[in-house]
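The structure appears right after this line, and notes come after that.
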Amino acid sequence: MVREMEGAGLPTVFFSSIPAIPLAFGATRILPGRAIRYVLGDPSLPLDRERHVRRRMVEAALQALGQPCPRPTLLSLPA
Amino acid sequence: MGTLRIVHYLNQFFAGVGGEKHANVAPERRHGAAGPGVPMQKALGEAAEIVATVYCGDDYFNVNGEAAIARIVELIAAEAPAVVVTGPAFASGRYGMACAAVGQAVEERLGIPAVTAMATDNPAVELYRRSLCIIPTGESVATTGEIVERMARIALKRGRGEPLGRPDDEGYLSRGIRQNVIVPQPAAVRVVDLVLRKVRGEPYTTEIPLPDVDPLVPAPPLRDLKTATIALVTSGGVVPRGNPDRIEARRASRWSKFSIAGLDDLSSRDFECIHGGFDNELVAADPDRVLPVDVMRELEREGSIGRLHEYCYATVGAGGPIERARRFGRDISAELLAAGVQAVIMTAT
């Protein structure tokens, strides 16, 4: 799906809990999800902290959308 | 020749521990065969014995990565097998990755040959087929009997150190290895023969299959976030409560488009997760964990992005064929472009 969206001209960030798969399939802007059961979040945190974590992840995605990314790349999240 | 020792790797489900609720169990070893290992032992007869079954929860494996692999390899090594069999994983993405990673680790670290089996469109096939002996299966667990027989036959050969024949003859996926063989006809005669077969419409098999090159032309980056309309798309199965588009929990044949206009976050009252390929309780409790409407709305309000697109798109990425995912991607892109969307955040569970 991501390949088709990028190919159609839509820069697309892909949050994947198993980044090795999109890397092998040639998706470009890849960010690691936290876990299969909670891609963007962390149920071990209180809700406001979890939301902060999610916001940081989405901000990293927005940043990646503004960068050229010619090859499959596993980007890193801010610590 | 004595009886060959075999260790079989399974996930928690096939080992009989339990389903998704038990996907977090740590690696364990039990004596003898379990699950698909039972018919496999029948197929092996006296020639080999499944001395132990090592199993691990699919989520545990995925979350713990190298630590899980190291522990599994340790459990396997303790049994000193001549060959290790993993799976069959069929179309399960997580289980396929685990079966392939365990097989590869056993070969690399212990020098013990491994055999695995899974559906040809399991994502692990693309990643591991060049290094591993993978037996292709269908999607259906109903074919287990026939598959474990083939696994048994190839495991015996590998365990005894016998060379494998051609992939098509033996029934495993080509690893792209070329072996020199002596054939009576020179290449010029063979190629003319192939051309003649092709023009006559007869079946023929190329000697040098060309790689399936399919390069991606990446999109240019967003010029200005502050004016951009951004859409959220997921294969994580979050849909409006009641699943109005009736998206299937596995092997989805369609996608759902739903409005998030005026919503500040996705509440579990109005949305649910219908993905059938993982324990989705935590996503159901807070669907923003898959579709981050809450923080996107916040960023929109602060002016960090132009607009959050008023529709989300969702499907289920569990065991569906690649060609179908492509079609979803094409159809959704066409709608997004027509609506003036400029970028996408896609999430997968």
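Readers should treat all values here as calculations from the given coordinates under stated rules, not as data from a laboratory. Just so it is clear, the structure is predicted and the values come from calculations on it, not from any experiment. With ideal geometry, Cβ positions are generated from the backbone for all residues, glycine too; neighbour counts draw on all protein chains shown.
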Q | Counting DSSP beta bridges with both ends in region B:225-347, the antiparallel % (nearest 5) | A | 45 percent
Q. Could you list, bin by bin from short to long, the percent of Cα-Cα pairs of chain A in 5 Å steps?
A. 3, 16, 26, 24, 16, 9, 5, 1
(Q) I'd like the distance between the alpha-carbon centres of region B:117-186 and region B:295-321, rounded to an integer number of Å. (A) 42 Å
Q: Hey, for a label at residue B:338 modelled as a point 7 Å past Cα toward Cβ, could you say which residues of region B:300-327 have their backbone N under 15 Å away?
A: B:311
Q: Ignore the peptide's own chain and count Cβ atoms of other chains within 10 Å of each Cβ in B:257-265; give me the average, rounded.
A: 0
Q. So, by mean Cβ neighbours within 10 angstrom, what's the order for B:240-247, A:25-32, A:8-15, B:75-82 with the highest one leading?
A. A:8-15, A:25-32, B:75-82, B:240-247
Q. So how do B:316, B:192, B:233 line up by other beta-carbon neighbours within 10 Å, fewest first?
A. B:192, B:316, B:233
(Q) Between helix B:322-338 and chain B, what is the angle of the helix's C-alpha long axis to the longest principal axis, kept within 0 to 90° and rounded to the nearest 10? (A) 20 degrees
Q) For region B:4-170, rounded, prolate or oblate, judged on the Cα gyration tensor with a ≥ b ≥ c (square roots of eigenvalues), a/c < 1.5 rounded, else prolate if a/b > b/c? A) rounded
Q. Looking at the protein assembly as shown from every direction and averaging, what is the projected area of its Cα convex hull in nm²?
A. 24.0 nm²
Q. Quick one: what does P(r) look like for region B:225-347 with 10 Å bins over all Cα pairs, in whole %?
A. 14, 46, 33, 7, 0
Q) Which whole number gives the average, over all residues in B:287-297, of C-beta atoms from other chains lying within 10 Å of the residue C-beta? A) 5
(Q) If you take each beta carbon of peptide B:229-238 and count the beta carbons of other chains within 10 angstrom, what is the mean? (A) 3
**Q.** For peptides B:146-159, B:300-313, B:170-183, sequence by mean Cβ density within 10 Å, most packed first
**A.** B:146-159, B:300-313, B:170-183
